[in-house]
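Coordinate-derived values only; no laboratory data. Just so it is clear, the model here is predicted, and its values are computed rather than measured. FYI the Cβ positions are ideal-geometry reconstructions off the backbone, even for glycines, and counts take in every protein chain you see.
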Amino acid sequence: MDFRTFYNQLKEDGIRPSCLLYGREQFLVEWAKNSIISAYTDQASLPFDVTRLDGAQTGVEQILESCETLPFFSKRHIVLVEDFRLLEGEKNKNIQPQDEALLYSYLQNPARTTLLVFTCGEKPDKRRRLFKALQKNGSLFEFGKLSARDLRQWAAKRFHSYGKQIGEKELSYLIEMSGYLEKESAYTLYHFDQDISKVVLHGQGKTVSKEDVDTAVHANISANVFQLADYVSRGEKKQAFALLSDLFMNGESEFGLLALLCRQYESLYQVRLLWEKGAGEAEIASHLEMKGFLVEKHMKLAGRYTSQGLSQILEKLYRTDRDIKNGDINGKMAIELLIATL
């Protein structure tokens, strides 16, 4: 289930008396918690009708006692068991197997006047009895990575909440710089929200410009590596070395940078091979599980090489990686020499 499913069920009062909020996007988990509180409780009785418990420290007895509390002026008494790592397979010194059995029993027939909400990280252990009980009798909401469409809508709303407007082109540029949509990106909505705050802080007018984005947001490392490869492909070595110097000054390690360069040229090589076999943009996107706009960028860059040329670059990258790891050459110097010869 995604955040749209959660929103629709909340609007229709369809959330069951016990539920679990989890997933990669903890920003949305936090949003969901606050939405539940707003939907089911009276503002005047919040101190009485919302109980927050630390899932890493709380015992089952305290959870069950809280669930027995009747609401004062609200639809439900909300019991939030936050960061309940027992669902992820971690041990809780305050919960013994017999305690877990009691909680399992409660989840078979939870109090209708209470909404028991658990939260945990990205990957709960789906083999655990508690997870299966929530799956069978409660509501499960996984908040994963947003699609491009949902990300655009979410970002536009965040800017609007700050009294700002952002155009389609500027928003696309911000998203591209962030690297959020890249398959292996660790950049989350928390990071994106921080970048939006920076753009708002630096912007002068009510409408966000490309210059506002450039001033406020330091490009994602993956976007920088693509830019580095782009400079190299066009023979713009001066710009390439300037960007490389900035990356080192910002604390990027030679090992991490080289790994990203290898991954970047491997992607370009795959795109070029598929292209030479007659594959179009849509087929390449499907085969490599790559977003359309990224395929377009990769095809443009890969078009400056032959597949043999990219294969030779990869050989140089792998050789440089081996030399650094063997201690044959200083890492920073090796990457500088590599860029000079590409």
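Considering only N326, N34, N94, give the residue with the highest GNM mean-square fluctuation for the chain, with springs between Cα atoms whenever their separation is below 10 Å. In the Gaussian network model the winner is N326. Take each peptide in 79-85, 242-248, count the other Cβ atoms within 10 Å of every residue, and average; sorted highest first, the result is 79-85, 242-248. How would you classify segment 1-74 from its alpha-carbon gyration tensor, with a ≥ b ≥ c the square roots of the eigenvalues: rounded for a/c under 1.5, else prolate if a/b is greater than b/c, otherwise oblate? Oblate, since a/c reaches 1.5 and b/c is not below a/b.
Partners of K91 within straight-line reach, counting aspartates and glutamates whose Cα lies under 13 Å from its Cα and excluding those fewer than 8 residues away in the same chain: D83, D99, E100, D125.
Taking a ≥ b ≥ c as the square roots of the eigenvalues of the Cα gyration tensor, segment 99-143 is classed as oblate, since a/c reaches at least 1.5 and a/b does not exceed b/c. Note on the chain: with charges restricted to the Cβ of Lys and Arg (+1) and Asp and Glu (-1), its dipole about the Cα centre is near 560 debye. When F143, F293 are arranged by Cβ crowding within 10 Å, least crowded first, meaning fewest neighbours, the order is F293, F143. With the simple spin-label model, which puts each label point 7 Å out from Cα in the Cβ direction, the S245 to S172 separation comes to 3.3 nm. Between L314 and K157, the modelled label-to-label distance comes to 4.2 nm, taking each label 7 Å out from Cα in the direction of the beta carbon.
Here S161, S185, S18 are placed in order of increasing Cβ neighbour count within 10 Å, fewest first, which gives S161, S185, S18.
Which of these, K33, K210, K277, has the largest mean-square fluctuation under a Gaussian network model of the chain (Cα springs below 10 Å)? Maximum fluctuation in the GNM of the chain, among the listed residues, is at K277. Please build a GNM for the chain, connecting alpha carbons under 10 Å apart, and tell me which residue among E142, E25, E211 fluctuates the most. Greatest mean-square fluctuation among the candidates belongs to E211. In sequence order, segment 223-237 has phi-based couplings of 5, 5, 5, 4, 5, 4, 5, 5, 4, 4, 5, 9, x, 8, 5 Hz under the Karplus curve 6.51 cos²θ - 1.76 cosθ + 1.60, θ = phi - 60°, and Gly or Pro positions carry x. Residues of segment 83-116 falling in the label zone of E65, defined by backbone nitrogen less than 17 Å from a point 7 Å along Cα to beta-carbon, are 94-96, 99-100, 102-103. Ranked by how many other Cβ atoms sit within 10 Å of their own Cβ, fewest first, the residues L181, L70, L28, L337 fall in the order L70, L337, L181, L28. Multiplying the residue separation of N137 and Q165 by 0.36 nm and removing their Cα-Cα distance gives an extension gain of 5.8 nm. With a simple spin-label model that places each label point 7 Å from the Cα along the Cα-to-Cβ direction, the separation between Q57 and S197 comes to 2.5 nm. Extension gain for K11-A279 works out to 92.0 nm (0.36 nm per residue, less the C-alpha to C-alpha distance). Helices in the chain, meaning DSSP H runs of at least 4 residues, each add -39500 (n - 2.57). Divided by all residues, the mean residue ellipticity at 222 nm is -18000 deg cm²/dmol.
Taking amide H atoms as placed 1.01 Å from N in the peptide plane, the amide H of I166 lies under 5 Å from those of V208, each 5 or more residues away in sequence or on another chain. Relative to the longest principal axis of the Cα atoms of the chain, the long axis of helix 254-276 makes an angle of roughly 80 degrees. Starting from the Cα gyration tensor of segment 3-142, take the square roots of the eigenvalues, sort them a ≥ b ≥ c, and report rounded, prolate or oblate (rounded when a/c is under 1.5, otherwise prolate if a/b is larger than b/c, else oblate). Taking the square roots of the gyration eigenvalues as a ≥ b ≥ c, segment 3-142 is oblate. Sequence-ordered 3J(HN,Hα) estimates for segment 175-183 from the Karplus curve with 6.51, -1.76 and 1.60 and θ = phi - 60° stand at 5, 4, 5, 5, x, 4, 7, 5, 4 Hz, glycine and proline given as x.
In straight-distance terms, cross-link reach from K206 covers every one of the lysines whose alpha-carbon lies under 24 Å from its own, apart from those fewer than eight places away in the same chain; here that gives K157, K164, K169, K198. Rounded to the nearest Hz, the phi-derived 3J(HN,Hα) couplings of segment 243-251 under the Karplus curve 6.51 cos²θ - 1.76 cosθ + 1.60 (θ = phi - 60°) are 5, 4, 4, 4, 5, 5, 5, 7, x, where x marks glycine and proline.
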